[in-house]
Amino acid sequence: MKKLLVSAIALGLAMPAIAQEQAEEVQQVRPPVPPPVRAVPSPPRLPTIPPPAPMVRVSGFPSLEAEVAEFGATPTYSGVWPADKKQVKAFRRERESQRSICTKRDNVIWSLAEKKLAACDALLGGPEPEDAPTTRGFLSVDRALDENEAAAARAELLQGRALALLALDANRLAIAAADEADEWGVQANNSLYELSGGLANQMIRAYALVRLGEQDKAQAAIDALRAARPYSTSIAIVANNLQSALNKDDLEVQREQLYARIPLDPDVQQMAFLMDLMSGRLEDADSLGDAMSFTKPKMRGGWTVQGDAQPWEKLDVEVTFQGLRAYTAAVLGNAEKSEAILAETRMMIDDYRGPDPRESDARKIRKKKVREYLARAETASKVTADLATIMSAVPVRETNKGKPFDEIASNLRELGGMNVLLPVLVEQLRLAGDDDAEMAAKRADALVARFIRVGSEIKPAQFGAMLPTTEFLNAVPDFSSTASKWLFGGNSGWSKAEEKGTDIMTVRYETTKGSKPMMEEMLLIAAAGIARDKGKDGFVILSNRTFKRYTTTTSYYGGSWTSDSGFESQARIQLIDSANPPALFASTPERIILASDIEANLMPRFDEYFAKKEARKQR
């Protein structure tokens, strides 16, 4: 969130440039004019070469036929497997390399997309996988597949082709590849395909339709995504980001989507809070700020989160938000609340700084401890200054009322610390006098829209990693508790860690198989069951996260290796009696997830999965 804020600030400070950009956006686009061609003296009797005709770019998007002409249609199976064993071995190795490239989802950048497309097409146009020779000792991934396995494999390759085409901006051809993937996925006789691999294909179609500007079709595709798995946070995030791209200039739609996502993804409250503050909805921002939580779910012993923010980064983000909360309360005239927020924040900073080891009674003070303290003290001084800068904007706000746009910006710049004052600047622009009011409001809205785009932009290179993987019945984990109580337990199950004396706890669901959306849903089933056991009928998610797990094992003789350990979904929840909710959630009942809703709308699907698995065992 801090990176998002800083990105928005960097974009927002050059407001004159934004005005110029807006002016440039409405200018007519003219075809490029070729440079003048100087006639070159030629031998007698030879004509002068005329200058080349100017290149004119065709407006709009290429047709499907034009994309097929450039990138080719999906190949069909052809050719035969080699007869010689050595040739088969080399052929298998080549195919496995191509398969790895084709099915790789993350970092599908433009410069590598052609290589990915070529790998997919080589496999899609190669010999039938069902005809593969069954020779011992070769890679099992390319053994002779049965009819269902072959269909599932081709569906996966077609999805890889669609992602490569998206990266190459061949949107119509990407839709066609996703449609073909659906057809083969259905033939795989996998009852889980529609809500996993099929849903990934739907995301590809929605993304392509958004890029093509086909508003109605894109909206229908996004709505279908939300309806398919409404209890999956990761699916909701993709749908929300696609909606933002589709309605990038409609701030009301953007705000509505952010608020709708809060019950499943409470971290989005931070973005919604900033949006409300910058949009001048101070009462809404004040209320939303009260419900924000910066405490993450508790990790299980023996595990760490790679890429997690450092303690000083977490402090920086939280102090900035608490300062903006105090500013909002002060502007609304609630000085007592503002002072309470500031006092709590200063205590948090003091706790982070900690005692100076040089003032202890210890005989020997380690230099490392002193260096660590000095680093913390430097961070504490920095965030304390940021807090003061934000609050210094409160009296300036009164001065800025009715002033010209440029003077408002100048008065705030004099305070320094514009890296934390952007939300305040955008909010105060709306106070401009009558002559500048309309222009200032437009610029403020442009900054808010830019901020949302920075936070919800989907890039083709990142899009593939957001797609759900195909689920299979044999990979559905059994619902149980709990392997997590054992350090590095490898089985599936849920666990909980209660916060003493409260109704707050961390609930986890882990698995060595399954998928990310599946873990998010099974976590909610576990939370609903815990609520029932505790005599409650619902819960509120305070914070959550779901991540891919890997285990690194170090050998006694040296060396180490990393293996896939499945997924884990975590949520810090507060158990709720919906008839008598805590004051914090009494005004926002939509935050409460009822156990009865989970039991009626989510559990039946998993009960069906478990029954099918059991029936398969009995065969």
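The values are calculated or read from the model by the stated rules, or taken from the named source; none is laboratory data. Quantities reported herein were computed from a predicted structural model and do not represent experimental measurements. So basically every Cβ, Gly included, is an ideal-geometry build from the backbone, and we count neighbours across all protein chains shown. The area values use the complete protein model at the heavy-atom level, side chains included, leaving out ligands, DNA and RNA. Shrake-Rupley method; radii C 1.70, N 1.55, O 1.52, S 1.80 Å.
Can we say Asp361 is part of a helix (DSSP H, G or I), over 24 Å from Ala393 (Cβ atoms) and open to solvent by 100 Å² or more (accessible area, probe 1.4 Å)? So Asp361 does not fit the description; no.
Looking only at region 316-342, residues that are in a helix (DSSP H, G or I), among the hydrophobic types (A, V, I, L, M, F, W, C) and open to solvent by 40 Å² or more (accessible area, probe 1.4 Å) come to 2 in all. Inspect region 265-275 for any residue being touching a residue at least 40 places away in the same chain (Cβ under 8 Å), among the polar types (S, T, N, Q), open to solvent by less than 20 Å² (accessible area, probe 1.4 Å) and within 24 Å of Glu521 (Cβ to Cβ) and give the result as yes or no. No, there is no match, as no residue in region 265-275 is touching a residue at least 40 places away in the same chain (Cβ under 8 Å), among the polar types (S, T, N, Q), open to solvent by less than 20 Å² (accessible area, probe 1.4 Å) and within 24 Å of Glu521 (Cβ to Cβ).
Please state which one of Asp537, Asp533 is in contact (Cβ under 8 Å) with a residue 24 or more places away in the chain, of a type in the set (Asp, Glu) and open to solvent by 10 Å² or more (accessible area, probe 1.4 Å). Step by step, each of Asp537, Asp533 is checked, and only Asp537 is in contact (Cβ under 8 Å) with a residue 24 or more places away in the chain, of a type in the set (Asp, Glu) and open to solvent by 10 Å² or more (accessible area, probe 1.4 Å). Looking only at residues in region 425-436 that are modelled with pLDDT of 90 or more and touching a Lys or Arg at 6+ places or on another chain (Cβ under 8 Å), the one that is most open to solvent (accessible area, probe 1.4 Å) is Leu431.
Going by what's in this entry, would Glu372 be described as assigned to a helix (DSSP H, G or I), under 30 Å from Ala343 (Cβ atoms) and either open to solvent by 70 Å² or more (accessible area, probe 1.4 Å) or hydrophobic (A, V, I, L, M, F, W, C) (or both)? Before you say what the answer is, go through the steps one by one.
Numbers: assigned to a helix (DSSP H, G or I): yes; under 30 Å from Ala343 (Cβ atoms): yes; either open to solvent by 70 Å² or more (accessible area, probe 1.4 Å) or hydrophobic (A, V, I, L, M, F, W, C) (or both): yes.
Spelling it out, Glu372 is indeed assigned to a helix (DSSP H, G or I), under 30 Å from Ala343 (Cβ atoms) and either open to solvent by 70 Å² or more (accessible area, probe 1.4 Å) or hydrophobic (A, V, I, L, M, F, W, C) (or both).
For beta carbons closer than 9 Å, sequence separation of 6+ or different chains, a first residue in region 430-445 that is under 20 Å from Val331 (Cα atoms) and touching a residue at least 12 places away in the same chain (Cβ under 8 Å) and a second that is acidic (Asp, Glu) and open to solvent by 40 Å² or more (accessible area, probe 1.4 Å), the qualifying pairs are Ala432/Glu407; Ala432/Glu438.
Can you tell which of Tyr352, Tyr259 is surrounded by 14 or more Cβ atoms within 10 Å (Cβ to Cβ), touching a Pro at 6+ places or on another chain (Cβ under 9 Å) and free of Cβ contacts under 8 Å to residues at least 60 places away in the same chain?
Details: Tyr259 fails: touching a Pro at 6+ places or on another chain (Cβ under 9 Å).
Tyr352 is the lone residue from the list that is surrounded by 14 or more Cβ atoms within 10 Å (Cβ to Cβ), touching a Pro at 6+ places or on another chain (Cβ under 9 Å) and free of Cβ contacts under 8 Å to residues at least 60 places away in the same chain.
None of Pro477, Pro468 is closer than 30 Å to Ala526 by Cα, outside any helix (DSSP H, G or I) and within 24 Å of the chain's Cα centre (by Cα) except Pro468.
This table checks each residue for (1) without any contact (Cβ under 8 Å) to a residue 40 or more places away in the chain; (2) crowded, with 24+ Cβ neighbours inside 10 Å; (3) in a helix (DSSP H, G or I).
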| position | (1), (2), (3) |
| --- | --- |
| Tyr509 | no, yes, no |
| Met518 | no, yes, yes |
| Thr551 | no, no, no |
| Tyr557 | yes, no, no |
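Looking across region 74-92, the residues that are in contact (Cβ under 8 Å) with a residue 12 or more places away in the chain and either closer than 30 Å to Leu173 by Cβ or not aliphatic (A, V, I, L, M) (or both) come down to Thr74, Pro75, Thr76, Tyr77, Ser78, Gly79, Val80, Trp81, Lys85, Lys89, Arg92. For region 544-553, indicate whether the set of residues that are more than 30 Å from the chain's Cα centre (by Cα) and of a type outside the set (Lys, Arg) is non-empty. Looking through region 544-553, none of the residues is more than 30 Å from the chain's Cα centre (by Cα) and of a type outside the set (Lys, Arg).
Being at pLDDT 90 or above, open to solvent by 10 Å² or more (accessible area, probe 1.4 Å), among the polar types (S, T, N, Q) and in a helix (DSSP H, G or I) is the requirement here; does Ser111 meet it? It is false that Ser111 is at pLDDT 90 or above, open to solvent by 10 Å² or more (accessible area, probe 1.4 Å), among the polar types (S, T, N, Q) and in a helix (DSSP H, G or I). Whether any residue in region 589-605 is at pLDDT below 95, among the polar types (S, T, N, Q), over 12 Å from Val507 (Cβ atoms) and not in a strand (DSSP E or B) is what I want to check. Among the residues of region 589-605, not one is at pLDDT below 95, among the polar types (S, T, N, Q), over 12 Å from Val507 (Cβ atoms) and not in a strand (DSSP E or B), which makes the answer no.
For the condition open to solvent by less than 60 Å² (accessible area, probe 1.4 Å), small (Gly, Ala, Ser) and in a loop (DSSP other than H, G, I, E, B), Gly280 qualifies.
Could you tell me whether region 358-365 includes any residue that is of a type in the set (Gly, Ala, Ser) and either at pLDDT 95 or above or within 23 Å of Met271 (Cα to Cα) (or both)? No, region 358-365 contains no residue that is of a type in the set (Gly, Ala, Ser) and either at pLDDT 95 or above or within 23 Å of Met271 (Cα to Cα) (or both).
Residue-level check: of (1) in contact with a Lys or Arg (Cβ under 8 Å, 6 or more places away or on another chain); (2) hydroxyl-bearing (Ser, Thr, Tyr); (3) in a helix (DSSP H, G or I), Ser410 misses just (1). Each residue in region 578-588 was checked for being without any contact (Cβ under 8 Å) to a residue 40 or more places away in the chain, surrounded by 13 or more Cβ atoms within 10 Å (Cβ to Cβ) and in a helix (DSSP H, G or I), and 0 pass. The single residue among Phe567, Phe547 that is open to solvent by 20 Å² or more (accessible area, probe 1.4 Å), closer than 22 Å to Tyr609 by Cβ and aromatic (Phe, Trp, Tyr) turns out to be Phe567.
When Glu457 is tested against (1) open to solvent by 30 Å² or more (accessible area, probe 1.4 Å); (2) of a type outside the set (Phe, Trp, Tyr); (3) within 25 Å of Val319 (Cα to Cα); (4) touching a residue at least 24 places away in the same chain (Cβ under 8 Å), only condition (3) is not met. Among the residues of region 288-315, the ones that are in contact (Cβ under 8 Å) with a residue 24 or more places away in the chain, assigned to a helix (DSSP H, G or I), within 25 Å of Thr379 (Cβ to Cβ) and open to solvent by 20 Å² or more (accessible area, probe 1.4 Å) come to 3 in all. Mind checking whether some residue in region 484-497 is modelled with pLDDT of 90 or more and over 16 Å from Glu568 (Cβ atoms)? So far as region 484-497 goes, no, none of its residues is modelled with pLDDT of 90 or more and over 16 Å from Glu568 (Cβ atoms).
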